[in-house]
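Structure first, commentary second.
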Amino acid sequence: MMGKRLWAAILAGTLISIGGLARAESYDWKTIPFEGGGFVDGFLYHPKSPGILYARTDVGGMYRFDFARKSWVPLMDGFGRDDWDCFGIMTMAVDPNNPDRLYATCGLYLSDRVPDGAVVRSEDQGATWQVTRLPGIKLGGNAMGRGTGERLQVDPTDGDTVWLGTNQDGLWVSHDRGRSFTRSAYAQKSVTTVLISGQTLYIGSGEVGEGLFRSSDGGKTFAAVPGSPKMIPHQIAMGQDGTLYVTFSDNLGPHGVTGGAVWKLKGDTWTDITPAKPSKGTPFGYSGLDLQNGWLVVSTSDRYSGSGDDLYVSRDGGGHWTPVGPQASHDVAGHPWLIDYMGGDDKDAVARKHMGHWMDAVKINPFNPKELLYGTGYGVWMTENLDALGGEHKVEFAFANNNLEETVILGLESPPAGPKVLMAAGDVAGSAFTDLTKTPSHGLFSPTNKTNQSVAFAARKPNIIVRSVDAEDGHGYISTDGAETWAALNPPPPLATTDWHNHRAGKLVISSEGKNLVWVPENEGAWYSGDLGKTWALSTGWPKPERGQEAIADPVNDAVFYAFDHHTGRVLVSHDSGASFAPLYTLAADEGQLRAVPGSEGDLWLAAGSALYHRQTPIVGVDAAWQVTFGKAAPDHDYPAVFLWGQVKGEEGLWRSDDAGVSWTRINDDAHRFGRMRAIAGDPREYGTLYISPDGRGTIVGRMK
């Protein structure tokens, strides 16, 4: 076993600085406001300084709330591609005695294929960060149990001491404010929550049946708390009299929960104070918890039947409870997508209606007990009149998601006419944007509660748009009026099933004149149709089927499609509307994103990871290319502007070339690196404008200042 001193030396040696500016053309980057779409799984008010509130998300990074503007400020945009996992925040912490000091973790998944986890720390409320990687330790910001916590805590009596609970590597402690960590004596592998009270530490075990643990000697020794319920502690709070309150579930959540309870511990006595009991017919657990100024609030977890999930509030330590849901009103005005999303009659509709679903995060403002906010699987609700609970008036919730864009974009396009941006999104369908300054009121993709895998337009008739959908009763749609109305497409045989979990929609593309379709379902071959989906046939010459494959349409010739086979490095072409594909040329590349230049037949670029190719020629000076796209040509230039997410002469960034790759200008700076891009799209109507969709950050527009 590796000794503590050696671990400390290794961890201390992995310090990386984040922050500061690099040379860049001056660009302004702003979020395009869809406002919602992802799991907000934690909130944190500073306990001693008013006006400081943070939110964490499972895949979209961390935010600070601007109370004056009632808007969220993203805090992780300075992290680049190598630190893309810092958009998965498993837990966060503040120093109770220093309002500027902030901590969080980096890490999305627990697989060996992802980067090791990290602890990041800030001395300026998240404006800049420093990173300490944790060799061999994986942290799951998007893993099961991400709604529990907080697992990261600063000792209130010693700001240099920071405790970190991990998913599968036990409990760690730092005595130098997060610069290095050593493993503690806590023997369990999984930690769900940590609470510090003087020399006493309470630790929630994420291992089923282990319950709550305690150390009474500052973390030197740990033992199970006698009488602890043998479930998983999700969250903990302590009253001024030393009473401990704990929410329990039989699973980590946010799904798969079938039982749970709320207990309090006074001295050595446990008392069950569960407000509503789960049953065989209505299974659920408990997760969210907060205690402020005598107000105790808990949230149910995974209650998909009955009235759905709810909050319960007690003013007497759990002796009596009042449910919030029956008295709550939710203002969805200005969010048409949310109206559609919360409606519906599918099997999950109960969870979305009323209060929402995945309500693991709930907090009361310690300086204003009227203010409560809670997270859901699609965003944040906030009330400023919690004191109305139990009275005659409604507890009024506003959708407090302004500039908190956790939408995961899977497809992004900017047509030459009609909507400015088309975005296909995970979980919340997507939309066509005609106004980049406000949430779209029309052009919504539906069903709004489904994942859209792709969106594409006909290059010469851009009002014809198609999209692919993971859904039980509809896998693709077509619009002939610029996304105003949609008609269902008959899918190819692999998708003619209601079992969409095992038959994902994959990528759908339409030819330049809008007459031909090529559809590549996930892990399937390519299928083509010359009658807009009435009939389908399997393409020949297609590469070995696997996830993520796509065809692209030539922007001029209606009969031509292209694809890239990363196994052979061959660019493939179809001259017969997708019926057959044959090699066009071969490149020294084993990965790649293939794109066609608008307005030109056969003009192809490939972002091939380690190189950028224009047709068969590698672009000199480009060391890495991960995404390429095209926008309106520069004044006095004929060739479209080329945008690149990659490395030019060793420098990572977003780049623009106005001369077909001869020279490049970096258009972002080190404060706007945005992790990892899922998609980029140049604007064909406005020179210099680029749309980007980083992991879990929605869609952002960059314009020259």
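The values are calculated or read from the model by the stated rules, or taken from the named source; none is laboratory data. Bear in mind the structure is a predicted one, so any value in this text is a computation, not a measurement. Please note: Cβ atoms are built from the backbone with ideal geometry, for glycine as well, and neighbour counts cover all protein chains shown.
Can you pull out every residue in the range 307-324 that is surrounded by fewer than 19 Cβ atoms within 10 Å (Cβ to Cβ), of a type outside the set (Asp, Glu) and within 27 Å of residue 47 (Cα to Cα)?
Within the range 307-324, 315, 317, 319, 320, 322, 323 qualify.
Could you name every one of the strands (runs of 3 or more DSSP E) located completely within the range 521-574 that has at least 3 residues being over 20 Å from residue 465 (Cβ atoms) and outside the structural domain of residue 608 (by TED's automatic domain parsing)?
Fully inside the range 521-574 and qualifying: 561-565, 570-574.
Every residue in the range 412-431 that is over 14 Å from residue 683 (Cα atoms), touching a Gly at 6+ places or on another chain (Cβ under 9 Å) and either aliphatic (A, V, I, L, M) or outside the structural domain of residue 472 (by TED's automatic domain parsing) (or both), please.
Hits for the range 412-431 are 424, 425, 428.
Quick one: which residue in 139, 164, 134 is buried (at least 22 other Cβ atoms within 10 Å of the Cβ), out of contact with any Gly (no Cβ under 8 Å at 6 or more places or on another chain), of a type outside the set (Gly, Ala, Ser) and at pLDDT 95 or above?
After ruling out the rest, the residue left standing is 164.
Looking at this structure, is residue 333 touching a residue at least 12 places away in the same chain (Cβ under 8 Å) and among the aliphatic types (A, V, I, L, M)?
Answer is no for this residue.
From 304, 378, grab the single residue that is surrounded by 24 or more Cβ atoms within 10 Å (Cβ to Cβ), of a type outside the set (A, V, I, L, M, F, W, C) and either part of a loop (DSSP other than H, G, I, E, B) or modelled with pLDDT of 95 or more (or both).
Testing whether each residue is surrounded by 24 or more Cβ atoms within 10 Å (Cβ to Cβ), of a type outside the set (A, V, I, L, M, F, W, C) and either part of a loop (DSSP other than H, G, I, E, B) or modelled with pLDDT of 95 or more (or both) leaves just 378.
Only strands (runs of 3 or more DSSP E) wholly contained in the range 39-118 count here; list those with 1 or more residues that are modelled with pLDDT under 95, over 15 Å from residue 361 (Cα atoms) and in contact with a Cys (Cβ under 9 Å, 6 or more places away or on another chain).
none
From the list 191, 154, which residue is touching a residue at least 60 places away in the same chain (Cβ under 8 Å) and either under 31 Å from the mean Cα position of the chain (by Cα) or on the phi < 0 side of the Ramachandran plot (or both)?
154
When you scan the range 591-657 for strands (runs of 3 or more DSSP E) that lie fully inside it, which ones turn up with 2 or more residues that are polar (S, T, N, Q)?
622-631
Could you say which residue among 290, 309, 346 is acidic (Asp, Glu), assigned to a strand (DSSP E or B) and out of contact with any Leu (no Cβ under 7 Å at 6 or more places or on another chain)?
Selected residue: 290, the only one of 290, 309, 346 that is acidic (Asp, Glu), assigned to a strand (DSSP E or B) and out of contact with any Leu (no Cβ under 7 Å at 6 or more places or on another chain).
List every residue pair whose Cβ atoms lie under 9 Å apart, where the two residues are 6 or more positions apart in sequence or sit on different chains, the first residue falls within the range 446-475 and is free of Cβ contacts under 8 Å to residues at least 60 places away in the same chain and assigned to a loop (DSSP other than H, G, I, E, B), and the second residue, located anywhere, is crowded, with 20+ Cβ neighbours inside 10 Å and among the charged types (D, E, K, R).
Cβ pairs passing all conditions: 450/427; 450/470; 471/450; 474/450.
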